[in-house]
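What follows is a set of notes on a single structure, which appears directly below.
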Amino acid sequence: MADSLSFISDDDFDTAVAELVERVAAARTRSEQRRQNSVRDPFFYVAAACVLGLPAANLGSLSTSQTLAQATSMAIGTLHQRIINSMPGWQDPNASVDAVNERRRLVAEIKNAHNTMNTSDKNANIRKLEDYLKFRRWNATGKAYLVMVLPRRPLREESHLQNGVYAIDGRSFYALASNVPDALEQVFEQLPARIMKHLPQSAVEQVDPDALDLCNALFRQVHLGLE
């Protein structure tokens, strides 16, 4: 496995990963503070203990897990945005959309997962992309992408929604944006080592190799369609 990515610089990749680590760590701190300051519902805990069979050691963290998961998912979405905007030709326009390639007349709104949007949110994002194409007068020559990095099913696909706006999965968009067919695979392969560069040694020693093996299996299943 290569030690660097061919489509963005090491510095840009490390900066994006460092931001991810910082945001997830901050979310964990906030979640723990919220748990300590909140009134704990004994009915919630007795249901978890009995129905889920959770031991006492796990009950305390259960109430913060959903909040932490949401914050982590948002941080991952930002990671993808930073990586894509570090690719040649791409930039963050600091506008209503996430990424723009001026030369290729491409614009993208990047979502981490298909299930982070309800119908109203999806329609709002489509309108936002349509408006950007109109604003730039790219209606006839440009394309807009609503990117769902985590797809509903492991297929590479691009589907036209309306008026020059397309839905696309993350693996396909990474390939399109970088002109590297396995760009998303490269990012995922290097991510654990890059994250651990920004962790204290005590945290690195707690990383479970079996957990990383599970993550690799999930990537193959979700993005490659392999069991």
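Here are the numbers:
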read-out	value
Unmet criterion (only one of (1) in a helix (DSSP H, G or I); (2) open to solvent by less than 70 Å² (accessible area, probe 1.4 Å); (3) closer than 20 Å to ALA16 by Cβ) for VAL222	(3)
Any chance PRO151 is modelled with pLDDT under 95 and in contact with a strand residue (DSSP E or B) (Cβ under 9 Å, 6 or more places away or on another chain)	yes
Residue pairs meeting the criteria (Cβ under 9 Å; at least 6 apart or on separate chains; first closer than 10 Å to GLU32 by Cα and at pLDDT below 75, in region 55-68; second open to solvent by less than 50 Å² (accessible area, probe 1.4 Å) and among the charged types (D, E, K, R))	GLY60/ARG35; SER61/ARG35; SER63/ARG35; THR64/ARG35
Residue list for region 192-211, restricted to those being under 22 Å from GLY225 (Cα atoms) and in contact with a helix residue (DSSP H, G or I) (Cβ under 7 Å, 6 or more places away or on another chain)	PRO192
Condition met for PRO200 (free of Cβ contacts under 8 Å to residues at least 12 places away in the same chain, under 23 Å from ASP12 (Cβ atoms) and surrounded by fewer than 17 Cβ atoms within 10 Å (Cβ to Cβ))	no
Residues of region 170-192 classified as open to solvent by 60 Å² or more (accessible area, probe 1.4 Å) and assigned to a helix (DSSP H, G or I), total	1
Pick from region 119-158, criterion open to solvent by less than 50 Å² (accessible area, probe 1.4 Å) and part of a strand (DSSP E or B), ranking: nearest to ALA183 (Cα to Cα)	VAL149
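The values are calculated or read from the model by the stated rules, or taken from the named source; none is laboratory data. Everything quoted here is computed from the prediction, not taken from an experiment. Cβ coordinates were reconstructed from backbone atoms using ideal geometry, including for glycine residues, and neighbour counts include every protein chain displayed. Areas reflect the complete protein model, heavy atoms only, side chains present, ligands, DNA and RNA absent. Shrake-Rupley method; radii C 1.70, N 1.55, O 1.52, S 1.80 Å.
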